[in-house]
1. Among the residues of the stretch 41-63, is any closer than 16 Å to C99 by Cα, surrounded by 15 or more Cβ atoms within 10 Å (Cβ to Cβ) and at pLDDT below 95?
2. Would you mention how many residues in the stretch 74-88 are over 13 Å from G51 (Cβ atoms) and outside any strand (DSSP E or B)?
Amino acid sequence: MAAFLQAAFLRKALLLSAALAAATLPAAAQSRCRVLDPTGTPLNVRASPNGNMVGTLRNGLLVTIIDSATDNRGRPWALVSQFETGRRIGWVFREFIACF
């Protein structure tokens, strides 16, 4: 009986470890994302989180998140690249990117 309980405990511990690891995966693990700016306007692309604007992205564009950060006000930002080519694009406001 003790061996059964120990095995059950270990299974639960492994499942918990896997769940925690999945929850803390870097943004790079989010490889297929779509630009979904609710304002209907192109999403601003910046040189750094909340930095100078360097371009825009159209709604519906597929991107890959390669890094993430927060600005000095605690807002989330994502460094994105083109999904198809992997070419780096720039930083966008994370809440306007939906990953699946």
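The values are calculated or read from the model by the stated rules, or taken from the named source; none is laboratory data. Model, not experiment: these values are computed from the prediction. Neighbour counts are summed over all protein chains in view; Cβ atoms, including those assigned to glycine, are modelled from backbone coordinates with ideal geometry.
1. Checked the stretch 41-63: no residue is closer than 16 Å to C99 by Cα, surrounded by 15 or more Cβ atoms within 10 Å (Cβ to Cβ) and at pLDDT below 95.
2. Here is the first cut: in the stretch 74-88, the ones over 13 Å from G51 (Cβ atoms) are 74, 76, 78, 80-88.
Add one more test, that the residue is outside any strand (DSSP E or B), and what stays is 74, 83-87.
Qualifying residue count for the region: 6.
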